[in-house]
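Since every read-out is calculated from the coordinates, none of them should be taken as a lab result. In this text, all values refer to a predicted model and were calculated from it rather than measured experimentally. Cβ atoms come from the backbone with ideal geometry, glycine included; neighbour counts cover every protein chain shown.
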């Protein structure tokens, strides 16, 4: 390059210098541009669907994970996931894919690799899900191992892409096996678990209840004292709170009329004797359409709203219910006859009035331009929210928002049941970040992460009014202290627990409890439960402060289960239960820790594409 710059006449040198400067500036400008692009856009520009700590998740990986979850759904329910179920399947596929990427990173750090022999064994015994569902290896709708092994033995077939999948999965499995092997159960722990479950402790309880009324001073020293006393009890894992804007989709009269006319036509055809199941297979856009629209569970009529519930109660098995519109859906139902139920879940009605139904669902189809216009309006609010906040942006457009409760990966907020992808987005979002536009049933949804709570106890400021309520409850317990002191004085004077209770017009209660399944009255007072379990028969305990008031107890007796009852069958059952619970808690915590240390980008395109 330098030789070209040195050679030639002055004009040639000038051209080469200009070209060199332009190339350098384009590279620098490109780097500056990429540095200013947010992670989601950067991943989308690469054609991938997400990333975990810089490890991109390709479209192929996403589709393979999605197919694996679809296959699991089909095996469990015998049908393809649709609507809400499909969204849950997509959420689970995304979670599984993120977990695999995080485990792969940890396996690489641990130096775990896949040998060629392990890949060969994996291809034979545990092929990738995409092969399990391939039509070439199906017989009567099920995976045929013989067909697969015959194809695997054919050297003309190229298995390299699938071997790469197995090669990536082997280190992850090794890591999981290594982690599981560290979770053990000793013989002493097994015996203790046996006695915790089957030993019975009998006692007489007396509660001096907190005062019915009373408020604390609410000053800062009081609230600080209550916070310090309860902060460790309020500790939890990472949690998220979202602000939610839901804007219902609107439909033109002619769009609604077209769907209603279609549903009425199907209703009339079924009334004239056409097979309802075949009509559902041909025209329904709802779940289980391929199975005649059968909803394969018992349903309480109230689940479907007052109008449908009243119609069901007035109809008999085999009769039809006229079309009913709900948002962007028009539904008509047939009440199934339990005597003709041939489903694999055939059971008696679990409660009076329960019915089984088949449905035909017709969706209201808004025009493309109407959809685009609504979407643009919601996108404009989301765009404005990124600078002023979702609540203010919504208010300026005459809309209102609400906040979810604190939630984690295991407990999604019920308000987002119809749009689980929004709740999933919030788990990895930065505090203050505004989501793309999601489609939740009959509404467009935008959320903003208003609070990201790290693992541990909540801050004093985060509790707010909740802390004041706890302080008031504590004050009412303090007001009951003189009555508790009078019970203590009576016991010290030699009176029985029953006599001391009668003096205050209280009634003691006998209880039977165990360590593993404590009596519900003691569930809120672990201190009293612990003291009661350790006390010898005849011992008086109390007063013990609790949120309900002041507890007193007398240990009346104990039945210790003989060790001879711990036979091999019970040992196996307890061992399986304990190890399963420990493994579940360990992996939940382990994955939670990995997520908290990972930079996860979800670039799957939502409905809004922004």
Open item on the list: With the cut-off at 1.5 for a/c, could you classify the chain from its C-alpha gyration tensor as rounded, prolate or oblate?
Closed with: prolate
Task: Inter-label distance, nm, simple model (7 Å from Cα along the C-beta direction), residue 397/residue 582 - done: 5.3 nm
TODO: Classify the stretch 540-610 as rounded, prolate or oblate, taking a ≥ b ≥ c as the square roots of the eigenvalues of its Cα gyration tensor: rounded when a/c is under 1.5, otherwise prolate if a/b is larger than b/c and oblate if not.
DONE: oblate
Task: Modelled FRET efficiency - R0 60 Å, residue 149 with residue 316, Cβ distances, 0.05 increments - done: 0.65
Open item on the list: Ranking request for peptides 48-56, 116-124: highest mean number of other beta-carbon atoms within 10 Å first, then the rest in descending order.
Closed with: 48-56, 116-124
Open item on the list: I'd like the orientation of helix 253-271 relative to the chain: the angle between its Cα long axis and the longest Cα principal axis, in ° from 0 to 90, rounded to 10.
Closed with: 70 degrees
Task: For peptides 61-68, 365-372, 327-334, sequence by mean Cβ density within 10 Å, most packed first - done: 327-334, 61-68, 365-372
Open item on the list: If a paramagnetic tag sat 7 Å from the Cα of residue 253 along the Cα-Cβ line, which residues of the stretch 373-417 would have the backbone N under 15 Å from that point?
Closed with: none
Task: Stokes-Einstein diffusion coefficient of the stretch 257-414, Kirkwood radius over Cα pairs, 10 °C, 1.306 mPa s, in µm²/s - done: 85 µm²/s
TODO: Just check the stretch 101-150 against the gyration tensor rule for me: Cα atoms, a ≥ b ≥ c as the square roots of the eigenvalues, rounded for a/c under 1.5, and otherwise prolate or oblate depending on whether a/b exceeds b/c.
DONE: oblate
Open item on the list: Taking 0.36 nm per residue of sequence separation and subtracting the Cα-Cα distance, how much length would be gained by fully extending the chain between residue 462 and residue 303, in nm to one decimal?
Closed with: 53.6 nm
TODO: Provide the packing ranking of 498-505, 419-426, 194-201, 242-249, i.e. peptides ordered by the mean count of other C-beta atoms within 10 Å per residue, highest first.
DONE: 419-426, 242-249, 194-201, 498-505
- [ ] Please work out the C-alpha center-to-center distance from the stretch 175-219 to the stretch 226-287 and express it in whole Å.
- [x] 41 Å
- [ ] Give the Rg/Rh ratio for the stretch 261-343, taking Rg as the radius of gyration of the Cα atoms and Rh as the Kirkwood radius, to two decimals.
- [x] 0.92
Task: With Cα atoms, 0 to 90° folded angle of helix 59-77 axis to the chain main axis - done: 50 degrees
- [ ] Working from Cα positions, state the angle (0 to 90°, nearest 10) between the long axis of helix 116-125 and the longest principal axis of the chain.
- [x] 70 degrees
Open item on the list: Test of understanding: express the Cα radius of gyration of the stretch 97-224 as a ratio to 2.2 N^0.38 Å, with N the residue count.
Closed with: 2.03
